[in-house]
Every structure is written in C-alpha cells, then in structure tokens.
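Written out below as structure tokens is the structure these notes cover.
Derivation of every value follows stated rules applied to the coordinates shown; laboratory data play no part. Every value quoted in this text rests on a predicted model; they were computed, and no experiment measured them. All Cβ positions, even for glycine, are placed from backbone atoms using ideal geometry, and neighbour counts span all protein chains on display.
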Amino acid sequence: MSVFQNFKLYIILFFIGLNINVSIANSTNPCKHDEFFKVLCDLCGCATSSGSFGFGTLSNSNFVGVRYIYQNFESKNGIFQNSPFSKERFNTIQLWAQIPINENFYISANLPYQHLSRDFNNIEESINGIGDASVIGWYKFIFYKKEDKSTINFNNQKQPSGHSIQVGLGAKLPTGEFEQRLTDNINPGFQVGTGSLDGIFSLGYNYGGNKIGVNTLFSYYLKGENKNDYQFGNQISYSANLYTVFKTLKTNIMPFIGVSGDHFDKITQYGETLNDTDGYILNSSIGAEVAFKKYILGTSFTLPVSQDLFGGNVTSKHRLSVYLNFAL
C-alpha cells in the first residue's frame, strides 16, 4: 500500500471515529467537561511510548471502559543511509477507569494488553501479553466564582468558576514481562513491560466553559531498576489541548486540537549509561468526543512535529486511539 493510500486510510478512520463518537460528561451535569488528562507513560512498556496518551476524557466523567491504541515506529539498523529498517507496530488494548472517592479526590487506573510486532529483513517477530498496570490518585483544587453581594444566594452553594488544578501521585506496576534478549534491538522499547516499579508525579491546570476549554498537564516519571539491572531513563511529559463544545438537545460534540511532548533520559544497565538511548518527541493531535446518554466513544489521531529518539535511529510515525466508556 502506498504512502498516499495509508494517509487516506487514516484520515478515513479519523472521520469515521469523529462521526460515531458518543460520550457524556455526567447525566446530572452535562456541562462538566473541564479535564482531558494526559498521563501515564509506557503504555506499551516501552521507552519510546509517549506520556501524552489520554487517561481521561474531554467530558471529565467518571467511567469504566476500554481503549485501543495503535503506534507505528521505524528503527534504522546501522549508521549508513541505506542501512536496513525495522518496521514496528504496537497494538494496545486497555481496560481503564476513573473512580471518584469524593468531590475532590479520585483514582485513575489502567491495565493494558499488548501485541507488538516487527518486520526486519522480511522476518516477522511478535510478542504479546499483559503490560504494566498503572494507578494514580488525584486531588483536585476547585476555584469558585466570587459571590455577588447584590444578590441573595438562597441555596448557599458556591458556583464553580471552571478553573481547577489537579495534583497526581501514582505508580506504574511491573505486571508486564521484560525480556533481556529484546534489549539488543535498535528500539529497546520493543517490550511488553519494563519489569520495574516507577513513580508518577503530575500537575495539571484545566479550564472548562460552556463553549471552550483548555487543559494542560506536566508529568515526571521516575523509573525504577528491574531484576535485570536494566533501568529506562526518567521521563518528562507535557501537553496542552484546546477544545470547543457544540450542544444539541441530546448530544455534546467536543472536537479538540493539541500539542504534547516527551523528553527521555538515557537507559542504564549494571550501572553503565547506554549511548544513544535518550531523546525527545513533540506531537500534534486532533480528535473529538460526542456526548449521548452514558456512553463515551472517542478518537484521536497524532502526528510527530519534531523528534530525535535513540540517536535518531528510531522514528515515531503516527498513532491512533479509539475508546468506548460507560459513565458512572
């Protein structure tokens, strides 16, 4: 299939997802859509996976659901321009949820299943299995409107301003299998899991109005060492998204555009730093949700703007995400 045909295919997939997305923020508060969290790195258990996958929805609903993520990489095996390439496809199916504890505190969690494949010199290799599960506890600081002294507030309730700050603390668990033999690949991120316990620290700002919303998130991932004395480099992730809301009698349509990025430190093993194992990536994204009753079906398509991964030997091509949730 040609590059042009591939491009047309993904554009068609995007607009199919755009037209069938179904979501709702909250059956009692349809305007509650002030968060689009971008958290949790290493969804594929790999160093090149981005920390800017969504871990929540535009609608900010509490939910349980399933999400499919497709990633596409090319890795150059050699220093010459005509060196052979390895084509890698990462398919992830996640069970994910956002569970409220009270008005200000909630928990996000996911459990991925991975199917990774690579084609090098016409030899196909694939691995699959449960990936690394993640859990994050979030505390949300809600800002309220100033009281109007000229009117009487009969219900004595504060009115949210739409502005909020979220602080998250969590961990990625070593539930996925790490295989030492696969570290010899040009892309050492070709793993079902990292085999390490990692810390996650996040800070986000969100604004959600009746017509537009803005979401930002900054996260730091402190990577642990696994039983093979192998340690992926620490990671910084950031994202900013702008969305708008179109309301009808029964649905809320929420298209968005955004940018996101990741910076990776070098990998170490047996106390030695491995060369050409750090890097960065800057992405652009487009996607949408449409709200209807208690179902959440969303999509996003992401393309890199700038990148330098593993000394320029690994190239991220694009990724596609589709999810179906049920609002709690």
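General remarks:
- Global form of the range 195-328, assessed from the alpha-carbon gyration tensor, a/c cut-off 1.5: prolate
- Surface/4 of the Cα convex hull for the range 248-298, nm²: 5.8 nm²
- For G224, residues with placed amide H under 5 Å, excluding near neighbours: L197, D198, G199
- Virtual spin-label span in nm between K145 and T244, 7 Å along Cα→Cβ: 2.3 nm
- Label point distance in nm, H318-T273, each placed 7 Å from Cα along Cα→Cβ: 3.6 nm
- Cα gyration tensor shape for the range 59-102, rounded if a/c is under 1.5, else prolate or oblate: prolate
- Partner aspartates and glutamates whose Cα lies under 18 Å from the Cα of K247, excluding those fewer than 8 positions away in the same chain, are identified as D34, E35, E289.
- Taking each residue as 0.36 nm, the span from Q157 to K227 lengthens on full extension beyond its C-alpha to C-alpha distance by 19.9 nm.
- Taking other Cβ atoms within 10 Å as a rough exposure proxy, E289, E74 sort from fewest to most as E74, E289.
- For D119 and V66, the FRET efficiency from 1/(1 + (r/R0)^6), where r spans their Cβ atoms and R0 equals 35 Å, is about 0.80.
- Using only alpha-carbon positions in the range 102-259, the gyration tensor eigenvalues give semi-axes of 42, 20, 13 Å once each is multiplied by 5 and square-rooted (largest first).
- Ranking of I236, I165, I296 by neighbouring Cβ atoms within 10 Å, starting from the fewest: I165, I236, I296.
- Pairs from K158/K293; K211/K250; K87/K227 whose Cα-Cα separation, in the structure shown, is over 20 Å: K158/K293; K87/K227
- In range of the label at K87: residues from the range 110-129 whose backbone nitrogen is under 14 Å from the point 7 Å along Cα→Cβ: 117-125
- As a proxy for reagent exposure, S237, S316 were ordered by neighbouring Cβ count within 10 angstrom, fewest first; the result is S316, S237.
- Under 16 Å from a label point set 7 Å out along the Cα-to-Cβ vector of I127, the amide N atoms of the range 169-206 belong to 174-197.
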